[in-house]
Amino acid sequence: MVDEVALTTIAEETGGRFFTAASADELQQVYDEVGVEQEDREIGEWFAGLGLLLGALAAVGSLTWFRRLP
């Protein structure tokens, strides 16, 4: 359950505004009024880079563990 009185008080004290939206249409109206924009970003490159880094660390760890490095 949402405490609308508390949220309204917090919004007033911090210089913000409190909105309610009971449907998707009302929520879209709030977004339009506030000026929220949605931006899609591609994050697959980050996961590929992280996978390569973890693979390299695993290879170095294996070579160290089995004393294959000089």
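The values are calculated or read from the model by the stated rules, or taken from the named source; none is laboratory data. Remember, it's a predicted structure, so these values are computed and weren't measured experimentally. No Cβ is skipped: glycine too gets one built from the backbone with ideal geometry, and neighbour counts run over all protein chains shown. These area figures cover heavy atoms from the full protein model, side chains too; ligands, DNA and RNA do not enter into them. Shrake-Rupley method; radii C 1.70, N 1.55, O 1.52, S 1.80 Å.
Here the chain exposes an accessible surface that is 58 percent carbon and sulfur, computed with a 1.4 Å probe and the other protein chains kept in place. Extension gain for residue 57-residue 8 works out to 12.6 nm (0.36 nm per residue, less the C-alpha to C-alpha distance). Please give, to one decimal in nm, the separation of the simple spin-label points placed at residue 41 and residue 20, each 7 Å out from Cα toward the Cβ. It works out to 3.4 nm between the two label points.
Label-to-label distance for residue 68 and residue 29 is 6.6 nm, based on points extended 7 Å past Cα in the beta-carbon direction. Taking only the C-alpha atoms of the chain, the Rg (one decimal) and the largest Cα-Cα distance, Dmax (whole number), read 25.0, 68 Å.
In the context of the full set of protein chains, the chain has a per residue accessible area of 97 Å² (1.4 Å probe).
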